[in-house]
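A quick write-up on the structure given underneath.
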Amino acid sequence: MRGAGHNSPHRLNPTVKSDCVANGFITLPKFGKVKLIQHRPIPDGFKIKTCSVTKKADGYYVTLSLEDKTVPTIKPDFNPDSITGIDVGLKEFLTTSDNEVTAIPQYYRKSQKRLRVIQKRVSRRKKGSIGRQKATKQLGRQHKKVADKRKDFHFKTANNLLKKHDVVAIEDLNVKGLARTRLAKSILDAGWSSFLSILTNKAENAGLLVVPVKASGTSQDCSSCGVKVPKKLHIRWHDCPHCGCSLDRDHNAAINIKNRAEGHPVLKAQRLRTAIAGLVEKPPL
């Protein structure tokens, strides 16, 4: 799929037949029958619609999208009062408005020593040699291992949030812009953009809701009285001189994020529908 010396992921989206998977093989255009390690069987009644073949450091992966027309479309069905706000950060991965904290794992930083050793091994090998190709593949596998650990952490964290809450308020962050600052390595290691995308997709598939809000001022504004209390990044505690509110900086930001989401039109509409349904179902006196 790519020339020699390339280890970056590459993707093809071939057109396949609905019966392309059979007896441990997948039939792909131009490739013919290819042996397949199938992680789970295709459920009865489902048809294969699209196929995606991705080259990664440790081999080729096939992703199939399935369709069953008897499966109903998931409609939003959430309790607007089951809401939390989350503030993502670099000291802790996230803090909720209920002051629940998820520690940041720092998978890349913990693997830097090992990555540095393999990178030196690649540099010492002669360009174009078999030894260099082997070392390059080893480096790619190590990077993939870090990425897989991070992705698994993101999925589990998103699942835990959506098990507890129907609505999650997040900051509408410009992660690409933040990744150009001196904190780039830590921000990319945390993988905020990937996590927020996973969280949004999982909520949508479950009929729940993720609400992005304006990010500016969430750490500076007091979550109790709303007055701006300026503080530098190294100051990790919020102390309001106006109302006496005193709490962790990230906890204060998470509460502000939740408060900003409370006025979202979708939440207002859902509360109105719930109120009308309650009046309709209420028995006559």
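Once the Cα atoms of helix 107-124 and of the chain are each reduced to a long axis, what angle between those two axes, in degrees from 0 to 90 to the nearest 10, is obtained?
Helix 107-124 and the main axis of the chain meet at about 30 degrees.
I want to verify the translational diffusion coefficient of the stretch 127-273 in µm²/s; compute it with Stokes-Einstein, Rh as the Kirkwood radius over Cα pairs, at 25 °C and 0.890 mPa s.
135 µm²/s
Give me the percent relative contact order of the stretch 166-247, please, defined on Cα pairs under 8 angstrom at least 6 residues apart.
27 percent
What's the carbon and sulfur percent of the stretch 143-285's accessible surface, probe 1.4 angstrom, rounded to a whole number?
Within the stretch 143-285, the accessible surface is 57 percent carbon and sulfur.
From the square roots a ≥ b ≥ c of the eigenvalues of the alpha-carbon gyration tensor of the stretch 2-120, which class results: rounded (a/c under 1.5), prolate (a/b over b/c), or oblate?
Because a/c hits 1.5 or more and a/b fails to exceed b/c, the stretch 2-120 counts as oblate.
Aspartates and glutamates within cross-link reach of LYS231: Cα-Cα under 20 Å, excluding same-chain residues under 8 positions apart?
Straight-line reach from LYS231, under 20 Å: ASP87, GLU92, GLU171, ASP221, ASP239, ASP248, ASP250.
With a sphere of radius 13 Å drawn around the Cβ of PHE155, what net charge do the other residues whose Cβ falls strictly inside it have (Lys, Arg +1; Asp, Glu -1)?
Working: positive: LYS149, ARG150, LYS151, LYS156, LYS163, LYS202; negative: ASP148, ASP152.
Charge balance in the 13 Å sphere: +4.
Report relative contact order for the stretch 191-285 in percent, whole number only (criteria: Cα-Cα under 8 Å, sequence separation at least 6).
On the way: 72 pairs, mean separation 20.4, N = 95.
21 percent.
So which cysteines in the chain don't have a second cysteine's C-beta under 4.7 Å from them?
CYS20, CYS51
Cα-Cα over 25 Å: which of LYS56/LYS156; LYS69/LYS164; LYS17/LYS149; LYS144/LYS202?
Exceeds cut-off: LYS69/LYS164; LYS17/LYS149.
Rank by packing, highest mean first: peptides 21-32, 150-161, with packing defined as the count of other Cβ atoms within 10 Å averaged across residues. All intermediate terms of the calculation are to be shown ahead of the outcome.
Numbers: 21-32: 12.7, 150-161: 16.4.
Per-residue Cβ counts within 10 Å, averaged per peptide and sorted highest first, yield 150-161, 21-32.
Mind checking the dipole of the stretch 155-285: about its Cα centre, +1 per Lys or Arg Cβ, -1 per Asp or Glu Cβ, Debye to the nearest 20? Walk me through the numbers before you get to the answer.
Values: 20 positive and 11 negative charges, 52 e Å.
Magnitude of the dipole: close to 260 debye.
Average projected area of the Cα convex hull of the chain, in nm²?
Averaging across all directions leaves 22.2 nm² for the Cα convex hull.
Once the Cα atoms of helix 265-281 and of the chain are each reduced to a long axis, what angle between those two axes, in degrees from 0 to 90 to the nearest 10, is obtained?
Its long axis makes an angle of about 70 degrees.
Run lengths n ≥ 4 of DSSP H only: what is the helix-derived mean residue ellipticity at 222 nm for the chain, with -39500 (n - 2.57) per run over all residues, to the nearest 500?
Theoretical 222 nm ellipticity from helices: -12500 deg cm²/dmol.
Which values, in whole Å and largest first, are the semi-axes of the equivalent ellipsoid of the stretch 105-155 obtained as the square root of 5 times each eigenvalue of the Cα gyration tensor?
Working from the Cα gyration tensor, I get semi-axes of 25, 11, 5 Å.
May I ask you to give the percent of accessible area on the stretch 1-121 that is carbon plus sulfur, with a probe radius of 1.4 Å?
Summing carbon and sulfur atoms, their accessible area is 51 percent of the total for the stretch 1-121.
Among ALA169, PRO230, HIS154, pick out the residue whose Cα is farthest towards the positive end of the charge dipole of the chain, where Lys and Arg carry +1 and Asp and Glu carry -1 on C-beta, about the Cα centre.
So the residue we want is HIS154.
From zero outward in steps of 5 Å, how is the percent of C-alpha pairs of the stretch 57-189 spread across the bins?
2, 8, 12, 14, 14, 14, 13, 10, 6, 4, 3, 1, 0
Excluding ligands, DNA and RNA, what is the solvent-accessible area per residue of the chain at a probe of 1.4 Å, expressed in Å²?
Computed with neighbouring chains in place, this is 64 Å² per residue.
If packing is taken as the average count of other Cβ atoms within 10 Å, what order do 212-225, 34-47, 189-202 fall into, highest mean first?
189-202, 212-225, 34-47
Normalised by the number of residues in the chain, what is the relative contact order in percent for Cα pairs under 8 Å and 6+ residues apart?
On the way: 390 pairs, mean separation 51.5, N = 285.
Contact order relative to length: 18 percent.
Treating cross-link reach as a plain straight distance, find the lysines whose alpha-carbon is under 26 Å from the alpha-carbon of LYS228, omitting any fewer than eight places away in the same chain.
List returned: LYS91, LYS214, LYS258.
Beta carbons within 10 angstrom, averaged per residue: use that to sort the peptides 93-101, 265-273, highest first.
Answer by packing, highest mean first, reads 93-101, 265-273.
Quote the charge dipole size of the chain about the Cα centre in Debye, to the nearest 20; the model charges only the Cβ of Lys and Arg (+1) and of Asp and Glu (-1).
2800 debye
The values are calculated or read from the model by the stated rules, or taken from the named source; none is laboratory data. What you are looking at is a predicted structure, and each value in this text was computed from that prediction instead of being measured. Backbone-built Cβ (ideal geometry, glycine too); neighbour counts: all protein chains shown. Ligands, DNA and RNA are stripped out before the accessible areas are found, and what is left, the full protein with its side chains, is counted by its heavy atoms. Shrake-Rupley method; radii C 1.70, N 1.55, O 1.52, S 1.80 Å.
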